[in-house]
Amino acid sequence: MNSSLPPKEFFPRHIGIIMDGNGRWATQKGLPRSEGHKAGAKVFKKITEYAVDLGIESLTYYAFSTENWRRPPEEVTALMALFREYLEEAEDRKLENEKKGMRIRFIGETDTLPEDIAHRMETTEQESAGKNAAIVNIAISYGGRQEILHSVREIARQVASGALSPEEITQEHIESHLYTEGQPELDLIIRPSGEKRLSNFMVWQSAYAEFWYSDVLWPDFTEQDFNRAIWDFAKRNRRFGGV
Ligand code: FPP
């Protein structure tokens, strides 16, 4: 047993990670912000491998928010290049990921992305669709409120068609139209870099999530930080509003 981790039954089932602090990391080193994102992408891959090997069921990464489109065009372009690179690599790593049973999903308004990226995302999703050991959701052009809005619109269509009455609408209906449909809700949200905000991340799915903050900047985040977050989670007493 890995003594730096609690027993597996205390692991969170679904972990959300807000990869924050890339820009500050780069600035501290006198580098362009894009270098921070590049270093952050490496950490994303390292932590994903580690978490999947540990047996974490679902991971959701916040890689690009709907608000991030407002960043300077060169930064947006650099981030898109990293997503493109990752998708190309995913194609090369197909067999390895298959062995791990890793399913990759992209959540967000993917129709707002450059066409080649959206197309590769679809291919990557389809190729890993049958896997079920671990789900890795990558939120790109994602907003939590927008996700709920998308679900509400779907339900409104059903009501307008007469298939559903307003009184019949349940939380399950809303959940069934979220991008994470069928996955456990978030147990733990990890946000490095000292910020203590949700920033429109998984607004519905985080209703009972535990937060774990750290001052470490995402490009410096290690497997030991991940272990610490899991330990802290395991020690917390989750009551879901009960006593
Ligand atoms: C927030 O830090 C981070 C982002 C907006 C981008 C996160 C994306 C990656 C790490 C790339 C992931 C790659 C793949 C392939 C999924 P910030 O830049 O706002 O940091 P700051 O607050 O220090 O400026």
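The values are calculated or read from the model by the stated rules, or taken from the named source; none is laboratory data. This one's a predicted model, so the numbers in the text were calculated from it and none came from an experiment. Neighbour counts run over all protein chains shown; Cβ positions are idealised from the backbone, glycine included. All accessible areas refer to the heavy atoms of the entire protein, side chains included, with ligands and DNA or RNA removed. Shrake-Rupley method; radii C 1.70, N 1.55, O 1.52, S 1.80 Å.
Descriptive notes on the structure:
- Total formal charge among the other residues, if their Cβ is under 10 angstrom from that of S151, Lys/Arg +1 and Asp/Glu -1: -3
- Diffusion constant of segment 1-100 at 25 °C, which comes from Stokes-Einstein with the Kirkwood Cα-pair radius and 0.890 mPa s, µm²/s: 159
- Sequence-separation-based contact order of the chain, relative, with Cα cut under 8 Å and 6+ spacing, percent: 29
- Sparsely packed chymotrypsin sites (Phe, Trp or Tyr not before Pro) within segment 120-229, loop by DSSP, other Cβ within 10 Å at most 12: Y208
- Seen from E223, the other residues with C-beta closer than 11 Å to its C-beta sum to a net charge of -1, counting Lys and Arg as +1 and Asp and Glu as -1.
- Rounded if a/c under 1.5, otherwise prolate or oblate - segment 39-86, Cα gyration tensor axes: prolate
- Using the Karplus relation 6.51 cos²θ - 1.76 cosθ + 1.60 with θ = phi - 60°, the per-residue 3J(HN,Hα) values for segment 58-63 come to 9, 10, 10, 9, 8, 9 Hz, with x marking Gly and Pro.
- Nearest-20 debye value, segment 181-243 charge dipole, Cβ charges on Lys, Arg, Asp, Glu: 320
- Amide proton proximity set for S65, modelled H, under 5 Å, gap of 5+: S141, Y142
- Among V159, V243, the order of accessible area from largest down is V243, V159, computed with a 1.4 Å probe on protein heavy atoms.
- Global geometry of segment 73-145, whether rounded, prolate or oblate, following the gyration tensor of its Cα atoms and the 1.5 cut on a/c: prolate
- The phi-based Karplus calculation (6.51 cos²θ - 1.76 cosθ + 1.60; θ = phi - 60°) puts the 3J(HN,Hα) values of segment 113-126 at 8, x, 4, 5, 5, 4, 5, 5, 4, 4, 4, 4, 5, 5 Hz, whole numbers, x for Gly and Pro.
- Each of H119, H150, H177, H14 has its accessible area taken with a 1.4 Å probe; listed largest first, they run H119, H150, H177, H14.
- The largest-to-smallest principal axis extents of the Cα set in segment 87-227 are 51, 35, 29 Å.
- Binning all Cα-Cα separations of segment 14-67 at 10 Å, short to long from zero, yields these whole-percent fractions: 23, 46, 26, 5.
- Residue among P184, M19, I174 farthest towards the positive dipole end of the chain, charges placed on Cβ: M19
- Shape summary of segment 149-243, radius of gyration then Dmax from alpha carbon positions: 17.6, 53 Å.
- Rounded to the nearest 20 debye, the dipole size of segment 70-151 about its Cα centre is 420 debye, using +1 on the Cβ of Lys and Arg and -1 on the Cβ of Asp and Glu.
- Restricting the calculation to Cα atoms, every distinct pair contributes to the Kirkwood radius of the chain, found to be 19.0 Å.
- The phi-based Karplus calculation (6.51 cos²θ - 1.76 cosθ + 1.60; θ = phi - 60°) puts the 3J(HN,Hα) values of segment 211-227 at 9, 9, 10, 7, 7, 4, 7, 3, x, 9, 5, 10, 4, 5, 4, 4, 4 Hz, whole numbers, x for Gly and Pro.
- Amide H within-cut-off set for N137, under 5 Å, with H built and near neighbours excluded: L59, T60, Y61, R105
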